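The values are calculated or read from the model by the stated rules, or taken from the named source; none is laboratory data. In this text, all values refer to a predicted model and were calculated from it rather than measured experimentally. Please note: Cβ atoms are built from the backbone with ideal geometry, for glycine as well, and neighbour counts cover all protein chains shown. Only protein heavy atoms, including side chains, enter the accessible area calculation; ligands, DNA and RNA are left aside. Shrake-Rupley method; radii C 1.70, N 1.55, O 1.52, S 1.80 Å.
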Amino acid sequence: MTPLLRFAPSPTGYLHIGNLRPALFNWLFAARHGGRFVLRFDDTDTERSREEYVRAIVEDLAWIGIHPHETARQSERIALYERAARVLREKGLLYACYETPDELDRRRKRAAARGLPPIYGRDALRLTQGERAELEAAGRRPYWRFLLPNFDSDPFQTRRSEVVWDDMIRGRQTVDLASLSDPVLVREDGSFLYTLPSLVDDGEMGVTHVIRGEDHVTNTGVQISIAEALGYARPIFGHHNLLTTIDGEGLSKRSGALSLRTLREEGAEPMAVASLAVLTGAAGAVEAVPDLAALAERVDFSAISASSARFDPAELWRLNAELVHALPYEAVEGQLRAMGAPESRARAFWDAVRGNCGRVADAALWKAVVFDEPQPAARAPQDEDFLRTAAGYLPDEPWDRATWKLWTDALKEASGRKGKALFLPLRRALTGLEHGPELADLLPLIGRGEVLRRLG
Ligand code: GLU
């Protein structure tokens, strides 16, 4: 059977690196097993869902290299959820409730005061037809709860009822349905909460594997029991640990600094972001993997740790630099040209400077140093004679990588200088800086005429 995986974001914000984790786990699993991947927008919350975020999510995933085989929106599939709700109602498994949030809150507090867990007591099930009609005549509209199968014949006598599954990531998992309140599936206004649409879609689409954050473990217990009542096949589940910042704080949609958009704007390479999102919080090393195919090979669900996946944003820039240093000219040609690097020298320029770039955009600094005016050099008065001598020893063109050594060997002999005293004044005069790419590489790029000018 062809595996079918899905990533189901709510379009209520921009994707951040933590959201990318499940997206990639699903995408990479599908890629590795010849499967398909559906991008499914959980957009039944019409208040908070925005078209702008739908577009941004598609764009951000494409930037990473995730190109869904199919895209779906829950807002266009409401009829399916209504049908499922009808089936559950007919089976007596979806019942109307009328308590207000205040009433529920008071009950929870009373239970807590008596040392009882805050589980909904199914009071609405005791309402007679007449009482319900009265409530509705008074303008109360019901919301609907699923009757969890956690009792033998009397719903007020619950008993331990385990839902068990072999989780791809966490191993055997058990959720006791008697420890949970009957979940609300339909709001007063008839709209659906996340729980039902998600499992209906998984069932209707034939999703074979559901990989998502461990914050959904309890949901899974509930969703399995509802899906069984509706006759859907059970997918294989995997729940991964959640990315958190270094001090253990969760990443919310509002953590804009770590949104894929912002990272892209700041010059992050997609594979640096992807490598970090996937490899953090597992047994192996977190390193920059060059492409998604290689990353797919690295995913090992059994190596994902049970604790949270902490990461330090600084780590991202370390991975980024590793990747940028290895980028071939072809990958950056467009960006270099846009910076104004002259076409005939752009390849040699990139090879000279990439080791000094933490992001491709950093090449703009070196482009200015090599091809435009360097920063005004801080020249020490005692170096002036030396620089004049240096100009006199400049070899004739054509120049190549060996020119620098020829020149400085001759200068060493003529001036008696060596090491820092020999090289630093030259670097300062030629680049205006104390550090940078190898001057052997820069010299031929700057060219004889300009070198003379800078020495003068
Ligand atoms: N919209 C849900 C979330 O973002 C989807 C969870 C799921 O994968 O079922 O948490």
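Which lysines does K367 reach when only Cα atoms under 28 Å apart count, and residues fewer than 8 places away in its own chain are ignored?
Hits, sequence-local ones excluded: K405, K420.
Only four residue types carry charge here, +1 at the Cβ of Lys and Arg and -1 at the Cβ of Asp and Glu. Report the dipole size of segment 1-119 about the Cα centre in Debye, rounded to the nearest 20. Each step should come with its number before you reach the end.
Details: 20 positive and 16 negative charges, 133 e Å.
Computed about the Cα centre, the dipole is about 640 debye.
Only Lys, Arg, Asp and Glu count, each charged at its Cβ (+1, +1, -1, -1), so figure out the dipole size of segment 385-456 about its Cα centre, rounded to 20 debye. Display every interim value, and only then the final one.
On the way: 12 positive and 10 negative charges, 60 e Å.
That gives a dipole near 280 debye.
Farthest toward the dipole's positive end in the chain, which of L61, N26, G456, given Cβ charges of +1 (Lys, Arg) and -1 (Asp, Glu) about the Cα centre?
Result: N26, furthest along the dipole toward the positive end.
Any idea which of A137, H16, G115 is furthest toward the positive side of the dipole for the chain, if Lys and Arg beta-carbons carry +1 and Asp and Glu beta-carbons -1?
G115
Mean separation of Cα pairs under 8 Å and 6+ residues apart, divided by the residue count of the chain: what relative contact order is that in percent?
Numbers: 679 pairs, mean separation 61.9, N = 456.
Computed over the chain, the figure is 14 percent.
If you take the square roots of the eigenvalues of the alpha-carbon gyration tensor of segment 188-238 and sort them as a ≥ b ≥ c, do you get rounded (a/c under 1.5), prolate (a/b over b/c) or oblate?
Oblate, since a/c reaches 1.5 and b/c is not below a/b.
Under the definition of Cα pairs under 8 Å and six or more residues apart, what whole-number percent is the relative contact order of segment 167-291?
Working: 109 pairs, mean separation 27.5, N = 125.
In percent, rounded to a whole number, it is 22.
How long are the semi-axes of the ellipsoid equivalent to the chain, from square roots of 5 times the Cα gyration tensor eigenvalues, in whole Å, largest first?
Values: eigenvalues 846, 81, 75 Å².
Sorted largest first and rounded, they come to 65, 20, 19 Å.
What does the helix-only formula give at 222 nm for the chain: each DSSP H stretch with n ≥ 4 adding -39500 (n - 2.57), the total divided by the residues, and the result rounded to the nearest 500 deg cm²/dmol? Display every interim value, and only then the final one.
On the way: 19 runs with 206 residues, N = 456.
Using -39500 (n - 2.57) per qualifying helix, the result is -13500 deg cm²/dmol.
Taking Cα pairs under 8 Å and at least six residues apart, what relative contact order does segment 3-122 come out at, in percent? Show your work: numbers first, answer last.
Details: 113 pairs, mean separation 28.5, N = 120.
So the answer I get is 24 percent.
I'd like the FRET efficiency for R453 and H67, computed as 1/(1 + (r/R0)^6) with the beta carbon distance as r and R0 of 60 Å, rounded to 0.05. Could you put the intermediate results ahead of the total?
Details: r = 50 Å, r/R0 = 0.84.
Result of the calculation: an efficiency of 0.75.
For segment 1-115, with all protein chains present and a 1.4 Å probe, just round the carbon and sulfur fraction of the accessible area to a whole percent. Walk me through the numbers on the way to the answer.
On the way: 2660 of 5620 Å².
Accessible surface attributable to carbon and sulfur in segment 1-115 totals 47 percent.
Kindly sort E162, E214, E413 by accessible area of their heavy atoms, largest first, with the probe set to 1.4 Å.
The residues order as E413, E162, E214, largest area first.
For segment 386-456, which whole-number percentage of the solvent-accessible area (1.4 Å probe, protein heavy atoms only) is attributable to carbon and sulfur atoms?
Values: 1870 of 3600 Å².
Carbon and sulfur together cover 52 percent of it.
Quick one: with all protein chains in place, what share of the accessible area of segment 288-357 is carbon or sulfur, to the nearest percent (1.4 Å probe)? Show your work: numbers first, answer last.
Working: 1750 of 3490 Å².
Its accessible area is 50 percent carbon and sulfur atoms.
Which value, in debye to the nearest 20, gives the size of the charge dipole of the chain about its Cα centre, when Lys and Arg are +1 and Asp and Glu are -1 at the Cβ? Each step should come with its number before you reach the end.
Working: 59 positive and 66 negative charges, 112 e Å.
Roughly 540 debye, rounded to the nearest 20.
For the pair D105/A138, report the inter-label distance in nm, with labels modelled 7 Å from Cα in the Cβ direction.
2.0
Rounded to the nearest whole Å², what accessible area per residue is found for the chain with the 1.4 Å probe?
Details: 21900 Å² over 456 residues.
Per residue, the chain has 48 Å² of solvent-accessible surface.
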